[in-house]
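Here is the structure we will look at, set down as structure tokens.
The values are calculated or read from the model by the stated rules, or taken from the named source; none is laboratory data. All of these numbers come straight from a predicted model, not from anything done at the bench. No Cβ is skipped: glycine too gets one built from the backbone with ideal geometry, and neighbour counts run over all protein chains shown.
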Amino acid sequence: MATLREKQDILVYERFMTFRTPPVFYQHPEQIDGPIASGTFFRVEQRMFFITALHTITEFGYKPEQFLIPNKPYSDDFISLGNCALIKPSEYKYDACVLEILDLDAKQKIASGGWQFLSLDNVLDPDKAIDFVLFGFPYAIKNEGKVSKLYKSICAYADRKAAPDDYPDRLPGGTDLFFEYGTIADDHEGNEVEAPKLPGASGGSVWALPPRSPVWMPPRVVGVQTSYLKGNYFRAVDWRVVAKILALTDAALANEIVSRFQTNS
């Protein structure tokens, strides 16, 4: 397991991640279900994007226009992401996607609700980091009762590990990331809890903690969580894949992306 920091530092990191990573709920005709996934807000060239796992849409048939998020961190109320453009990889094996938020009302509610957006400066090559953490909202640790109590975050601090030799569907170009997933995780108050099953955390970001320093630095994103084997590992796709997906939107954004990332892996 990765070397943990002081509890005070952990709580600051987790607060930083909380304000950029909402749980995703789903509006059925007669009920709200979830969390069905997690995701992370990014802003690039003044455009709003939400990064999550593709299988939430392709395997389970969820429609992005019916995605709900808390109207602000820790909120009892929900808002719709509204009209979104789904940008997905040209190669289906990459389990990540980008939702560009187009609905003006949703943009205003997200911006006024306290949610914060990451930029491309908040992304790091995983090979340049040592300590990692998965932040998301597993369905397994929901509370019973009213909808507002149905989500709690967890942080799984982890070391990176080699991919299992017999793992199928390996991704090319070193974009397949595996991390230790043991028996202990941190809850939203920084307390150690039994590591939960991870459905609902899919699409959450894997973050790299900064080197220890007297000057505070934020964690940075290295990948998007896609699957797991409890007691063994969780898997993520490198954020370079997200960069490739973003580059599919239009030429202007592609130029910005290409200037920041190697997108030909």
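Annotations for the structure displayed:
- Candidate set from segment 171-228 (those that are among the basic types (Lys, Arg) and under 21 Å from residue 39 (Cα atoms)); member that is modelled with the lowest pLDDT: 197
- With respect to the conditions (1) under 15 Å from the mean Cα position of the chain (by Cα); (2) touching a residue at least 60 places away in the same chain (Cβ under 8 Å), residue 114 lacks only one, and its number is (1).
- Of the residues making up segment 1-40, those that are part of a loop (DSSP other than H, G, I, E, B), at pLDDT below 85 and either closer than 23 Å to residue 194 by Cα or of a type outside the set (D, E, K, R) (or both) are 1, 2, 3, 4, 5, 6, 29, 31.
- Output for segment 48-64, where each listed residue is at pLDDT 90 or above and surrounded by fewer than 15 Cβ atoms within 10 Å (Cβ to Cβ): 58, 63
- Within segment 83-126, tally of residues that are in a helix (DSSP H, G or I), of a type in the set (S, T, N, Q) and either closer than 23 Å to residue 237 by Cβ or in contact with a strand residue (DSSP E or B) (Cβ under 8 Å, 6 or more places away or on another chain) (or both): 1
- Single residue of 73, 29, 23 found to be of a type outside the set (Val, Ile, Thr) and buried (at least 21 other Cβ atoms within 10 Å of the Cβ): 23
- Candidates 79, 57, filtered to the one that is in a helix (DSSP H, G or I), in contact with a Lys or Arg (Cβ under 8 Å, 6 or more places away or on another chain) and among the hydrophobic types (A, V, I, L, M, F, W, C): 57
- Among the residues of segment 86-109, just one is under 17 Å from residue 26 (Cα atoms) and out of contact with any Gly (no Cβ under 9 Å at 6 or more places or on another chain), namely 86.
- Only residues that are out of contact with any helix residue (DSSP H, G or I) (no Cβ under 9 Å at 6 or more places or on another chain) and more than 15 Å from residue 56 (Cβ to Cβ) were counted in segment 213-234, giving 10.
- Long-range neighbours under 7 Å by Cβ, at least six apart or interchain, first residue acidic (Asp, Glu) within segment 47-71, second in a strand (DSSP E or B): 65/84
- On inspection, residue 129 passes the criterion of being among the small types (Gly, Ala, Ser), surrounded by fewer than 21 Cβ atoms within 10 Å (Cβ to Cβ), modelled with pLDDT of 90 or more and touching a strand residue (DSSP E or B) at 6+ places or on another chain (Cβ under 7 Å).
Every residue, every condition in (1) touching a residue at least 12 places away in the same chain (Cβ under 8 Å); (2) assigned to a strand (DSSP E or B); (3) closer than 14 Å to residue 134 by Cα, yes or no:
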residue	(1), (2), (3)
166	no, no, no
171	yes, no, no
179	yes, yes, yes
186	yes, yes, yes
197	yes, no, yes
203	yes, no, yes
206	yes, yes, yes
214	no, no, no
235	yes, yes, yes
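- Residue, surrounded by the most Cβ atoms within 10 Å (Cβ to Cβ), within segment 157-169, restricted to residues that are of a type outside the set (Ser, Thr, Tyr) and over 28 Å from residue 121 (Cα atoms): 164
- Unique match (being within 26 Å of residue 25 (Cβ to Cβ) and either touching an Asp or Glu at 6+ places or on another chain (Cβ under 9 Å) or surrounded by fewer than 20 Cβ atoms within 10 Å (Cβ to Cβ) (or both)) among 238, 186: 186
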